[in-house]
Amino acid sequence: MRYRLRLLVLAFCLLPGWGTASLPAAPNTDDPVLEARLNHLAEDLRCVVCQNESLAESRASLALDLREEIREMMRAGMSDDAVVESLVARYGDFVLYRPPVKPLTYVLWGGPLAFLLIGIALALATLHRRRTLRPQADVSPEALREAARLLRSDHSSHPGSPIASGRASRLSHQEER
Amino acid sequence: MRRWIPLLVFAVLGVFLYLGLYLNPKEVPSPLVGRPAPDFTLPVVGRPGETFSPSEVRGEVWLLNIWAPWCSVCLEEHRHLPRMVADRVPVYGLTWKDLDREAAPLLARNGSPYVAAVDDHDGRIAIRYGVTVTPETFVIDREGMIRMKHVGPITPAVWEKKFEPLLRELQS
């Protein structure tokens with residue numbers, strides 16, 4: 001019982017802190033529509049100082065400033081695309097969490113797919129080779145017959161079969177104890 | 001031959017990972033290079049009533065150095081900057097988020113390396129310049145175009161390798 005409790009505690013300790021990391025920062029305006037737009041947009045934008053966080057999650061001071069800047073652009077009536085475009089113009093594609101598909105990023109986007117295709121091709125080739133494998137020619141018919149007999153005898157329990165002898169030896173082992 | 005393939009793949013991967021060790025994640029390429037420097041008009045630190053705008057230095061090659069009083073590397077840079085620049089080029093400062101109003105007394109005490117340092121109190125102009133860390137330095141040409149962005153302090157080696165040749169080209 002105590003052992004199980006310990007396991008449970010250990011399991012909880014090993015859980016990553018999901019709940020804490022992804023909460024969007026508290027809104028500080030009274031326009032819920034704008035805040036929703038901002039948070040939706042900020043999910044896909046990188047916080048440029050804390051590079052593994054999105055702009056929505058980050059509490060870094062530059063991230064707060066950037067969110068305020070985005071709010072202002074939105075209040076000025078800019079569309080989401082225009083806001084993103086103006087941020088890319090200053091910080092580069094780096095500010096996007098989803099890099100755009102362009103010649104420089106073809107390998108990035110196509111790489112996983114290429115690896116998947118290579119894997120499938122290798123698997124198919126291996127399976128094909130195994131299926132077309134010829135049986136070995138130098139096995140005599142007697143040996144095959146003997147093998148078939150042994151396989152059959154496995155299921156019946158006449159004396160001398162491996163199962164029967166196994167049981168017998170186990171019994172004798174218990175008697176000894 | 002076949003059994004060497006995994007080793008070969010491993011070696012190639014190893015080379016890439018090794019090179020990756022020397023990449024600086026802070027060195028974000030700036031899309032602003034080759035574009036006009038964003039304009040602004042901001043109050044000058046320590047000179048009440050005075051403002052500065054990049055349009056005032058149109059026709060000149062100049063440097064814009066982003067710094068902050070809470071950035072110790074910037075203060076270290078201040079000590080060496082005048083000697084390296086040696087009046088070759090005017091250096092203007094953009095004081096980033098001086099929330100505690102420390103910049104003016106600090107520059108007065110240590111001596112300012114700037115022709116003028118403007119006060120970007122809420123950091124909005126720095127955002128227009130795509131600033132992520134301090135110090136950062138922009139080289140701006142006679143047409144008001146950004147020609148280079150350097151992230152991190154300017155050391156004598158950096159000055160000689162990156163700034164000198166570019167300034168010579170821009171000022172000729």
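The amide H of B:Arg35, built 1.01 Å from its N in the peptide plane, has B:Ile146 as neighbours under 5 Å, considering only residues 5 or more places off or on other chains. Largest mean-square fluctuation among B:Leu106, B:Leu75, B:Leu64, in a Gaussian network model of chain B whose springs join Cα atoms under 10 Å apart, belongs to B:Leu106.
The order of A:Phe94, B:Phe52, B:Phe10 by accessible area, most exposed first and with a 1.4 Å probe, is B:Phe10, A:Phe94, B:Phe52. When both segment B:86-142 and segment A:31-68 are represented by their alpha-carbon centers, they are found 25 Å apart. A 1.4 Å probe over all protein chains sorts B:Ser55, B:Ser172 by accessible area into B:Ser172, B:Ser55, starting with the largest. Counting only heavy atoms of the protein chains and using a 1.4 Å probe, B:Leu32 has close to 10 Å² of accessible surface.
Just to confirm a number: summing +1 for Lys and Arg and -1 for Asp and Glu over residues other than B:Arg58 whose beta-carbon lies under 15 angstrom from that of B:Arg58, what do you get? Once positives and negatives cancel, what remains is -3.
Sorted by accessible area (1.4 Å probe), largest first, how do B:Tyr92, A:Tyr97 line up?
Working: B:Tyr92 25, A:Tyr97 75 Å².
Highest to lowest solvent-accessible surface, that is A:Tyr97, B:Tyr92.
The values are calculated or read from the model by the stated rules, or taken from the named source; none is laboratory data. Computed from a predicted model, the values in this text were never measured in an experiment. No Cβ is skipped: glycine too gets one built from the backbone with ideal geometry, and neighbour counts run over all protein chains shown. The accessibility values were calculated without ligands, DNA or RNA, using every heavy atom of the protein model including side chains. Shrake-Rupley method; radii C 1.70, N 1.55, O 1.52, S 1.80 Å.
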